[in-house]
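Since the structure comes first, as structure tokens, the remarks are kept for the end.
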Amino acid sequence: IGATVDFIIPPDLPLPEAQRRQDLTIRNALWTLRARVNSGLRLFASVQAWDEPSAVQTMQRLAPYPFDGFALGGMVPRMKRLAEIEEIIRAIRTVDHERPLHVFGIGSPALIRRFIAAGADSFDSSSYVRAAVDGKVLADNDAEAWAPISGVSLDGRHSQVSARLGTPYLELEGESNRMALALHNLEE
């Protein structure tokens, strides 16, 4: 699976620049589709939007083409505006509700559930690795916050990693320990 290169539109970017970046993202997606040499690669068109109308406009330009799915980018800077992200996801789904919709940069279980309810299908994030480097795990399966592993009970949480290695091993400093903690976080 691959996604086309997009041009990030952060919140509060002046409208003319946001529209320019949106157009570049769309044009790049269409160029990538025409230039595609690997027919086995599932190609997702990247989408950049800042509100419902901009999401609909982008999708109306991309949906007629044979992309395998769509990938919504630029949402991490909008994490304090979750309702906006939901609005954008729903707007994308009004134009195309059949093909998969991936959202870049989302890794919290609570946000994943929230955005699935809005219409997204898949997500990616490096937050589980960054948290492990800092010796952190999710406070619980419903939490959005990472907490130091020394302050969190893993009882009742049965990742294969914690079951095999145990919490004392995951609490230790060291490259192998942090790698194991990252795998635990990913499985959670």
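Sorting 91-100, 35-44 by their mean Cβ neighbour count within 10 Å, with the most densely packed peptide first, gives 91-100, 35-44. On the protein heavy atoms, probe 1.4 angstrom, tell me the percent of accessible surface of the chain carried by carbon and sulfur. It is 54 percent, rounded to a whole number.
Tally Lys/Arg at +1 and Asp/Glu at -1 over every other residue whose Cβ is under 14 Å from the Cβ of PHE44; what's the total? Before the final figure, lay out the partial values.
Numbers: positive: ARG36, ARG42, ARG99; negative: ASP6, ASP68, ASP96, GLU98, ASP121, ASP124.
That sum, taken over residues with Cβ under 14 Å, equals -3.
Helix 82-95 axis versus longest C-alpha principal axis of the chain: approximately 50°, rounded to the nearest ten. Other residues with beta-carbon under 12 Å from the beta-carbon of VAL95 carry, at +1 per Lys or Arg and -1 per Asp or Glu, a net charge of +1. Computed from phi, the 3J(HN,Hα) profile of segment 58-71 under the Karplus parametrisation 6.51, -1.76, 1.60 (θ = phi - 60°) reads 4, 5, 5, 7, 8, 4, x, 9, x, 6, 7, x, 10, 10 Hz, with x in place of Gly and Pro. Distance between the 7 Å Cα→Cβ label points at GLN19 and HIS97: 3.1 nm.
Around ASP12, what is the net charge, scoring Lys/Arg as +1 and Asp/Glu as -1 over all other residues with Cβ under 11 Å from its Cβ?
+1
Per residue, the chain exposes 53 Å² of accessible surface when a 1.4 Å probe is rolled over the protein heavy atoms with every protein chain present.
The values are calculated or read from the model by the stated rules, or taken from the named source; none is laboratory data. Remember, predicted model here, so these are calculated numbers, not experimental data. Cβ coordinates were reconstructed from backbone atoms using ideal geometry, including for glycine residues, and neighbour counts include every protein chain displayed. Side chains are part of the model used for accessible areas, which takes the heavy atoms of the whole protein and leaves out ligands, DNA and RNA. Shrake-Rupley method; radii C 1.70, N 1.55, O 1.52, S 1.80 Å.
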